[in-house]
1. For the range 216-342, with the dipole built from +1 on Lys and Arg beta-carbon atoms and -1 on Asp and Glu ones, taken about the Cα centre, which of Gly306, Phe323, Phe240 lies farthest toward the positive end?
2. Answer with one residue from Trp77, Ser39, Gly59: the one whose Cα lies farthest towards the positive end of the charge dipole of the range 35-89, charges on Cβ with Lys, Arg +1 and Asp, Glu -1.
3. Quick check: the distance between the Cα centres of the range 48-116 and the range 137-191, to the nearest angstrom?
4. In debye, nearest 20, what is the charge dipole magnitude of the chain about its Cα centre with +1 on Lys and Arg Cβ and -1 on Asp and Glu Cβ, if you could check?
5. When all C-alpha to C-alpha distances in the range 1-123 are sorted into bins of 10 Å, what percent of pairs does each bin hold, rounded to whole numbers?
6. Any chance you could look up the accessible area of Val248 with a 1.4 Å probe, heavy atoms only, rounded to 10 Å²?
7. Treating only the Cβ atoms of Lys and Arg (+1) and Asp and Glu (-1) as charged, compute the dipole magnitude of the range 28-85 about its Cα centre; round to the nearest 20 debye.
8. Packing-wise, with mean Cβ within 10 Å as the measure, how do 261-272, 295-306 rank, highest first?
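The values are calculated or read from the model by the stated rules, or taken from the named source; none is laboratory data. Quick caveat: nothing in here was measured; it's all calculated off a predicted structure. Using ideal geometry, Cβ is built from the backbone for each residue, glycine included, and neighbour counts are taken over all protein chains shown. Each accessible area value is taken on the protein alone, full model and side chains, heavy atoms only, with ligands, DNA and RNA left out. Shrake-Rupley method; radii C 1.70, N 1.55, O 1.52, S 1.80 Å.
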Amino acid sequence: MSVLALLTLIGSPLLWVTLVALAYISMTRIKRERAMFRSRRRSPKSDWIHFVWPSVLLGGLASVATVWLEMTVNVEWLVTFTVLYALVVLTMHPRFVSPAFPLLVMLAAVSLRDVVSFGPLDETVTRFAEVGWPVYALVFGLVTLAEAILLRSNGNVETSPTLILSKRGQFIGGHVVKRLWFFPLVVFLPPSFGFDGMVPVILPIPIGVSLLSTGALPRTLLGKLSTYRGILAVIALGLFGASYALDVPYAGYVLIALYVLYELALQLIKRENRATTPVFINGNRGAVIVDTLPGSPGEAMQLIPGESIYKVNGTVITGGSSFYEALQLHKPYIKLEVLNLNGDIRFVQRAMYETDPHELGILFVGEPMSPRLRLRKL
């Protein structure tokens with residue numbers, strides 16, 4: 001049984017489309033970081049590590065539930081879900097990568113099949129309409145609950161620094177959270193294809209998130225989004241549980257509303273972020289830090305994104321360029337006055353070594369390294 005399920009995973013076009021999307025997202029991230037900061041923040045390997053862990057563990061735990069419940073779908077449901085999800089993934093926009101979108105289309109088609117003709121697809125719609133709404137509730141609830149956990153525990157790990165332009169043409173820093181997670185979920189097909197018993201199938205469900213954080217640190221925004229996702233997941237799983245005890249009226253329409261709220265929650269977070277004063281913006285605070293490179297002197301000095309370097313050995317700093325100029329004047333020992341996110345001053349001291357890079361691995365808000373790069377506008 002396990003070998004058969006593994007073969008269904010390897011043979012799923014959704015898995016291979018997801019791997020292509022992940023490679024594309026990783027490549028574009030590195031290209032953008034090099035154009036802006038002349039250095040990538042992290043290697044492509046990290047994208048693949050986040051893709052697999054810890055989402056596979058959550059998928060395994062969810063699959064224990066679906067196996068115990070013997071969640072069964074038919075071939076038409078499985079093929080339709082896979083095709084629709086693959087088309088969503090091919091947009092290369094992680095924000096759309098969620099089962100909410102293919103499930104919304106399928107459930108809407110089921111709800112409208114008595115009043116709308118789907119032409120050559122009528123028979124297919126009739127067949128996957130045989131799968132009851134509790135399956136839609138369980139799949140959405142399990143995947144969305146896993147997403148809520150991943151957003152809170154893994155989403156803010158190794159985010160990508162970026163530069164954007166304000167409406168007034170001022171450079172603003174930010175962090176991009178653009179990630180795909182792999183969530184394998186076991187479902188069953190009824191006896192078919194020559195098998196006497198239930199046929200196990202592993203659905204290679206990708207979960208995506210795409211969020212630009214400027215008005216707050218990524219952890220704050222992802223925490224709010226995680227809460228919204230968690231509430232929707234609990235409601236969906238509650239509907240599924242209720243199906244065992246009573247006949248829930250208009251359950252399909254409630255699920256459709258949940259799928260719509262799934263997208264509205266993200267839009268609410270984005271709107272709130274845009275309306276908030278940017279954290280990474282130059283002003284009278286000195287050189288604002290967007291990020292530090294892993295393993296760099298800047299990281300060793302525990303400089304935090306959103307903080308700003310105000311003075312170097314008593315010399316007032318106005319930006320990244322003046323920081324480097326002051327750095328050259330005060331070798332080999334530097335004492336930094338740093339303004340933290342609360343506006344308090346702390347001191348950082350360090351000896352400058354010959355092996356240290358000129359930039360110290362600190363990424364500042366400022367003009368991108370590539371003059372041909374067109375920045376996104378806030």
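1. The listed residue farthest towards the positive side: Phe323.
2. Working it through, the farthest residue towards the positive pole turns out to be Ser39.
3. 16
4. Working: 33 positive and 24 negative charges, 354 e Å.
Roughly 1700 debye for the chain.
5. For the range 1-123, the binned pair fractions read 10, 31, 33, 17, 8, 1 percent.
6. 20
7. On the way: 9 positive and 4 negative charges, 195 e Å.
It works out to roughly 940 debye.
8. The peptides rank, most packed first, as 295-306, 261-272.
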